[in-house]
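Bear in mind that the values in this text are calculations on the coordinates, not laboratory data. Computed from a prediction, not measured in an experiment: that's the story for all the values here. Positions of Cβ are backbone-derived with ideal geometry, glycine not excepted, and every protein chain shown enters the neighbour counts.
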Amino acid sequence: MAGYAQILQEDHSAQLSKEAVFYLERIVQGSEKLSRLIDDLLNLGKVGRQPLVMQMSELDELVDFALRDLVSDLQNRVVTWQRQPLPAVKCDVGLITLVFVNLLSNALKYSRQREEAIIAIGTTTVGRETAVFIRDNGVGFDPAYKDKLFGVFQRLHSAAAFEGTGVGLATVERIIRNHGGRIWAESQPDQGATFYFTLPGM
């Protein structure tokens, strides 16, 4: 469907009415969104099945890997990074990199309305545990709904305001849980959000 719609859009849009072009654009956008959703659901299912490949890794390096994947999200943005050194930990490099990609992507997305996005990455002590945190100065969310954050298709903001499939945080939660850690978030509306996660051995 996407392929045929794109052919019509690229090769024949000049011969179509404005109304037809509008409908064609909606078809292309809808098919692209559905494709992303299918990919995200497949990734979520794969995360639950694949065995972890554990090795000692510097979490700072995994943040660097994640930021390379997010170059397009940084275009035409003013972003101030506040980074503290992160520990080395035994983990699945690919999956924990995916955790950082998702959490940093969300931080960039939900701080998009700020003239300057401020994103902090570091560690803090929670009880007897060390937790990694990612904090932004974005739109935040109502803490009354924080238990819904990590459910599939659970969104606290409209898709019209912020794009996404509602699967990313569910994938992150499953990865952290499979590592034997935990993840949670704290926020207030219009006061940014902070996501925390722990991993054994930090």
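Sorted by mean Cβ packing within 10 Å, highest first, what order do the peptides 103-109, 71-77, 60-66, 16-22 take?
Ranking the peptides 103-109, 71-77, 60-66, 16-22 by packing returns 103-109, 60-66, 16-22, 71-77.
Can you compute the FRET efficiency between V28 and D147 using 1/(1 + (r/R0)^6), with r the Cβ-Cβ distance and R0 = 25 Å? Round to the nearest 0.05.
0.10
Please give the length that would be gained between R83 and Y4 if that part of the chain were fully extended, namely 0.36 nm times their separation in residues minus their C-alpha to C-alpha distance (nm, one decimal).
Extra length available between R83 and Y4 comes to 23.9 nm.
As a test of the definition: which semi-axes, in Å, follow for region 57-197 when you take the square root of five times each eigenvalue of its alpha carbon gyration tensor? Largest first, please.
Numbers: eigenvalues 92, 65, 45 Å².
Semi-axes (√(5λ), whole Å): 21, 18, 15.
When the dipole is taken about the Cα centre of region 57-197, and only Lys, Arg (+1) and Asp, Glu (-1) are charged at their Cβ, what size is it in debye, to the nearest 20?
Details: 15 positive and 17 negative charges, 57 e Å.
The calculation lands at about 280 debye.
What nm distance separates the two modelled labels at A14 and N178, each placed 7 Å from Cα along Cα→Cβ?
5.0 nm
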